[in-house]
Amino acid sequence: MNMQAQRPPLLEVKRNFELKTTLVKASSRLPLPGSKLKGGPDQMEDALEPAKKRTRGLGAVTKIDTSRPRGPVLSTVSQTQGPTAAQKGPKKTGPRGYATVASVLKNPKAAPAAPAAPAQKPGTSAAPMVAGKRPGKRPAWDLKGQLCDLNEELKRYREKTQKLDQENQGLREQLKEAQEQATVLETEQNTLARELASVRTQAEQSQQKLETLCARVLELEECLGTKERLVQELQKEKLELQEEQKALATRLEEQEKRLQASETALSSSEAEVVSLRQKTAAQVTLLAEQGDRLHGLEMERCRLHNQLQELKGNIRVFCRVRPVLAGEPTPSPGFLLFPHGPAGPSDPPTHLSVSWSDDRRATLTGAPAPTTRHDFSFDRVFPPGSKQEEVFEEISMLVQSALDGYPVCIFAYGQTGSGKTFTMEGGPGGDPQLEGLIPRALRHLFSVAQEMGGQGWTYSFVASYVEIYNETVRDLLATGTRKGQGGECEIRRAGPGSEELTVTNARYVPVSCEKEVEALLHLARQNRAVARTAQNERSSRSHSVFQLQISGEHAARGLQYGAPLNLIDLAGSERLDPGLALGPGERDRLRETQAINSSLSTLGLVIMALSNKESHVPYRNSKLTYLLQNSLGGSAKMLMFVNISPLEENVSESLNSLRFASKVNQCVIGTAQVNKK
Ligand code: ADP
Ligand code: MG
């Protein structure tokens, strides 16, 4: 057998194992024909001896059944077991011989057939034979025949026994082989069992591994699920990003197009810039030339402007009649007339005629009072309806002169309530339409200064505001504890040998815009209001002097100009009626009035002296003329507003004012000189 080389599968091994068991069992049941033989037991015993020994060697399970009756067995054997099968049996032992042996052992019927009946010996009486049956019975007397038959039969049995012995021998050998084979198979089985055990262990390990792997698989599946969700999310995100990318790409494209367009524009712009630079360089040269020309022209303008002002007169007088206020009696028609100029109604009026009838003379004569008419002519007459703006237009030329370096004085002269303060500072309520000359003049100065800045001029303005009451000077811009009280100020020369005058203790405030000027005017009004409580109506009994020191410089050309612009709201010019008896409280008033009258008449005298080119000009006779001495005469330009009340009851004062103004108007002050520093 080649069991080691060709290991059968497990199933076949099992089958072989079963087969071996069957063989062992079969061998234990093996019939022993020899033991059942009748007669010749010794021979049978001899024949069976080796078989017995072998049978004992197989183990306890093997035993010979001797209890069974022998005859029938013999006969059965003889009937069923053919010699062909018995002979073939031993030959078929070998690797594949078990089945044959087993079938033989299991099925005793398959035993070799009984040998054919032996031929009758000659000389013996042959027993009568019935066809297919045992030979017929010999007669009892035929003992010889019977003996012969028995011998024959014995002979046959012996032969048969011999054959069976041989057969038994073969079978025992087969059994031995089978047992050896069984041992091999057992060894093999053990090996296989061990293998099976190791396979089982392996299987268990594999099972464990499998379980671990299953767990791992589950874990991985879970992980996979998570990853898949993540992948889905990422894909979604990717889609969004792709869309975004698309949008960005579109934008990028647009931007690139725009960039290209911009680059094209830039390159053309660069070319343009180059050409513009060249042009600019050319223009800078031209500008310098034109700057020079402009400066020349500006100088010429100054000269011509001044000439014009001189032709108009360095002293000019404007008459302004205020309107009749609410609650005031309407004057009789024709009381004040404003005949237009020779050029017709469009010609601004320069004449004023006052017509009135003297009631006292009418009573005396009993006849209707004759009408008295006085005509006055001035540089300009402003009827009651004239706006602040129109008034300012006329004086803006003088403001320009101040910028050009000529001292300028603008006075408002007239009785109390005739509209001096209205003209100089403006009406109540901060209405811009009613703004007076001071704010308008300053606004004009600031704007012209800014324009001139383009031509290389820089200007600075310093304001002061004082009042002269009863020949004492007080600061209207005082603040803090000095507010309203206004410690007395003195007029002094700015320095030894200096022409310039300054008011000690007064504030000089640099201004550069309208707001600052407004604040100063507001402060002055407050100071006057406080003073008014101390002494009634003081404002109308004092001169208010707003001074603005203008300094202009053209650094490039080394030019410096400086001139004061004075805007003066004079005290009421009314006189005390000499016919009225003076009460004790009115003596002060008289002194006050005399002081006012004195200063106003000094002003008149100074103007006269300047006009007459007298060697002595009485500046020192009043604080006002003393303070204004640098702004009067010589190079200075002067404008006097004579403010007139429209009321008939004021006609006397109006006439006085008009007469005073007329005198001033007749004065001509010498050629003005520009104040070059
Ligand atoms: P003065 O300063 O000469 O005493 P005011 O300027 O105070 O006189 O004027 C007296 C009153 O007349 C004020 O109420 C003022 O508003 C008013 N007034 C003066 N002039 C005009 C004018 N041109 N238009 C309207 N009201 C005027
Ligand atoms: Mg006033």
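The values are calculated or read from the model by the stated rules, or taken from the named source; none is laboratory data. The shown structure was predicted, so the numbers you read here are calculated from the model rather than taken from an experiment. Virtual Cβ from ideal backbone geometry, glycine too; neighbours counted across all protein chains shown. SASA here: full protein model, heavy atoms, side chains in, ligands and nucleic acids out. Shrake-Rupley method; radii C 1.70, N 1.55, O 1.52, S 1.80 Å.
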- Message: Take the residues in the stretch 365-414 that are of a type in the set (A, V, I, L, M) and within 12 Å of ligand 1 (Cβ to nearest atom); name whichever of them is farthest from Gly604 (Cα to Cα).
- Response: Val391
- Task: All but one of (1) assigned to a loop (DSSP other than H, G, I, E, B); (2) more than 16 Å from ligand 1 (Cβ to nearest atom); (3) at pLDDT 85 or above; (4) among the hydroxyl-bearing types (Ser, Thr, Tyr) hold for Ser573, so report the exception by its number.
- Result: (2)
- Query: Taking the stretch 426-458 on its own, how many of its residues are within 16 Å of ligand 1 (Cβ to nearest atom) and not in a helix (DSSP H, G or I)?
  - Reply: 5
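Regarding the stretch 304-322, can at least one residue be identified that is within 16 Å of ligand 1 (Cβ to nearest atom) and either at pLDDT below 80 or part of a loop (DSSP other than H, G, I, E, B) (or both)?
Step one: list which residues in the stretch 304-322 are within 16 Å of ligand 1 (Cβ to nearest atom), which gives 318-322.
With the extra rule that they be either at pLDDT below 80 or part of a loop (DSSP other than H, G, I, E, B) (or both), the set shrinks to 322.
Yes, the conditions are met somewhere in the stretch 304-322.
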- Query: Which residues, taken from the stretch 627-657, are open to solvent by 20 Å² or more (accessible area, probe 1.4 Å) and within 16 Å of ligand 2 (Cβ to nearest atom)?
  - Reply: Asn650, Glu653
- Note on the structure: Pairing a residue in the stretch 628-657 that is more than 18 Å from Ala412 (Cβ to Cβ) with any residue that is small (Gly, Ala, Ser), where Cβ atoms lie under 6 Å and the two sit 6 or more apart in sequence or on different chains, gives Ser635/Ala672
- Of the conditions (1) within 16 Å of ligand 2 (Cβ to nearest atom); (2) open to solvent by 20 Å² or more (accessible area, probe 1.4 Å); (3) among the hydrophobic types (A, V, I, L, M, F, W, C), Phe392 fails just one. Which one is it? (1)
- Message: Condition first: more than 18 Å from Ser657 (Cβ to Cβ) and either of a type in the set (S, T, N, Q) or within 16 Å of ligand 2 (Cβ to nearest atom) (or both). Now tell me which residues in the stretch 326-354 satisfy that.
- Response: Thr330, Ser332, Ser346
- Message: From the list Leu521, Leu501, Leu559, Leu548, exactly one residue is modelled with pLDDT of 85 or more, under 22 Å from Glu435 (Cβ atoms) and more than 16 Å from ligand 2 (Cβ to nearest atom). Which is it?
- Response: Leu548
- Query: If a residue has to be open to solvent by less than 80 Å² (accessible area, probe 1.4 Å) and part of a strand (DSSP E or B) to count, how many in the stretch 504-523 make the cut?
  - Reply: 2
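One line per residue, one yes/no per condition, for (1) open to solvent by 60 Å² or more (accessible area, probe 1.4 Å); (2) more than 49 Å from the chain's Cα centre (by Cα):
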residue: Glu256; (1), (2): yes, no
residue: Ala265; (1), (2): no, no
residue: Gln278; (1), (2): yes, no
residue: Glu289; (1), (2): yes, yes
residue: Cys302; (1), (2): no, yes
residue: Asn314; (1), (2): no, yes
residue: Val317; (1), (2): no, yes
- Query: Does the stretch 395-425 hold any residues that are within 16 Å of ligand 2 (Cβ to nearest atom) and within 28 Å of Gly552 (Cα to Cα), and which are they?
  - Reply: Ile410, Phe411, Ala412, Thr423, Met424, Glu425
- Which residues, taken from the stretch 458-484, are over 22 Å from Ser622 (Cα atoms) and either modelled with pLDDT under 90 or out of contact with any strand residue (DSSP E or B) (no Cβ under 7 Å at 6 or more places or on another chain) (or both)? Ala478, Thr479, Gly480, Thr481, Arg482, Lys483, Gly484
